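The values are calculated or read from the model by the stated rules, or taken from the named source; none is laboratory data. Note that this is a predicted model, so its numbers are computed, not measured. Here the Cβ positions follow ideal geometry from the backbone for every residue, glycine too, while neighbour counts run over all protein chains shown. Just so you know, the surface numbers come from the protein's heavy atoms only, side chains and all, with ligands and any DNA or RNA stripped out. Shrake-Rupley method; radii C 1.70, N 1.55, O 1.52, S 1.80 Å.
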Amino acid sequence: MACESQAKQHMGPNEKKFKDIPNTIITYKKNDGYAYYLSSSRSHFEAMEIYINDIPFKKYYNGDNSAVMHPINDYILQSGTQTVRIKYISESGMPFRVDFSSAMDIMTLKIGQEFSLGKRHTIYETPTITNRDNPDYQDFAGTGLMVFEDQFTFEAKVPYHFTGWTESQDLTKLKPKQLEKEIVEAYQNVINIFKNKDRETLFDLLYQLEFEKTQSKYFDDKLFYKFSVEGHDFVLENPSVKFYPLENYEVKIYGQGKIVTLESTTDKGESPMRFEAVFTNKRTGKKFEGISDIRILFHKPKDSSTLVPIR
């Protein structure tokens with residue numbers, strides 16, 4: 001980016017530490033563990049929400065869909081049993097039909113293995129029941145419902161072990177108004193940091209978040225720069241970035257009560273932390289105006305009175 005040389009000249013200790021993350025994480029070998037990917041499909045584009053270990057993974061509304069394999073290691077804190085919960089919601093105003101179906105595939109790769117060599121298999125399919133009128137047919141188990149929830153588990157082998165939010169404070173014990181006040185202030189603080197171009201405060205605030213993400217996704221320095229630095233630099237330095245007011249939100253609690261975030265009430269499944277900017281199409285090089293959002297999950301560590309980013 002054009003601003004990168006300028007940023008390097010004025011790099012403070014927090015930013016230097018942040019950008020040194022790839023050099024401080026443990027480098028794993030191929031047989032130490034796996035990278036995991038998850039994809040989903042459904043026959044009718046009703047709304048679908050997917051949670052991994054009670055953390056929101058994908059939320060598809062208004063006909064949105066994506067059949068690509070998405071990495072999920074940063075939802076996995078340690079080896080063992082992982083839980084995926086799915087929620088299907090009728091957006092048509094009509095109950096689910098007998099022919100609704102959905103499936104999820106998981107793919108595993110050894111660390112550093114080429115993506116094309118991954119082993120992919122279907123790990124979940126929506127349950128069915130025998131049709132009462134014709135025993136030769138199987139109907140969707142949620143037929144006639146407006147909302148249907150289900151879950152499944154899978155075993156993961158990873159070489160890292162993060163405490164993450166598991167030992168954090170139970171936020172459900174706070175009064176709803178107090179929790180809302182704290183999470184709104186936390187979101188507004190991040191917006192203000194970006195607006196003030198306060199690189200040192202931002203990189204200090206996001207250090208643990210990005211450290212765990214880099215470690216769990218096995219990023220090298222190139223991938224770290226692409227996925228963990230470029231985006232922050234863009235929002236910090238691009239003069240076209242203009243944040244919208246923080247509004248039309250609702251408080252959501254996840255992680256067995258230990259994670260809190262804000263979600264938009266007008267754009268379901270998206271964050272209310274939104275900004276407009278002039279972006280560049282990486283394939284064509286053409287510039288275009290667009291709107292993006294930033295989702296952050298917060299927790300309150302033990303013996304802390306402050307919400308801090310965790311994912």
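Checked against the criterion of being part of a helix (DSSP H, G or I), modelled with pLDDT of 95 or more and in contact with a Gly (Cβ under 6 Å, 6 or more places away or on another chain), the range 184-201 has at least one qualifying residue. Exactly one residue out of 14, 65 is outside any helix (DSSP H, G or I) and more than 23 Å from residue 256 (Cα to Cα): that is 65. I want to confirm something. Restricting to the range 70-94 and keeping residues that are polar (S, T, N, Q), part of a strand (DSSP E or B) and surrounded by fewer than 18 Cβ atoms within 10 Å (Cβ to Cβ), which single residue is nearest to the chain's Cα centre (by Cα)? The extreme case among them is 83. Against the conditions (1) under 15 Å from residue 186 (Cα atoms); (2) outside any helix (DSSP H, G or I); (3) open to solvent by 10 Å² or more (accessible area, probe 1.4 Å); (4) touching a residue at least 12 places away in the same chain (Cβ under 8 Å), residue 204 satisfies every one except (2).
Just one residue in the set 172, 153, 163 is in a helix (DSSP H, G or I), β-branched (Val, Ile, Thr) and open to solvent by 40 Å² or more (accessible area, probe 1.4 Å); that residue is 172. Within the range 272-300, the residues that satisfy the criterion of being in a loop (DSSP other than H, G, I, E, B) and either touching a Cys at 6+ places or on another chain (Cβ under 9 Å) or surrounded by fewer than 17 Cβ atoms within 10 Å (Cβ to Cβ) (or both) are 281, 282, 283, 284, 285, 286, 295.
When residue 240 is tested against (1) modelled with pLDDT of 95 or more; (2) of a type in the set (Ser, Thr, Tyr); (3) assigned to a helix (DSSP H, G or I), just one condition goes unmet, and that condition is (3). Of the set (1) open to solvent by 20 Å² or more (accessible area, probe 1.4 Å); (2) in contact with a helix residue (DSSP H, G or I) (Cβ under 8 Å, 6 or more places away or on another chain); (3) hydrophobic (A, V, I, L, M, F, W, C), all apply to residue 141 but (2).
Being open to solvent by less than 70 Å² (accessible area, probe 1.4 Å), part of a strand (DSSP E or B) and in the same structural domain as residue 169 (by the TED database) is a description that applies to residue 250.
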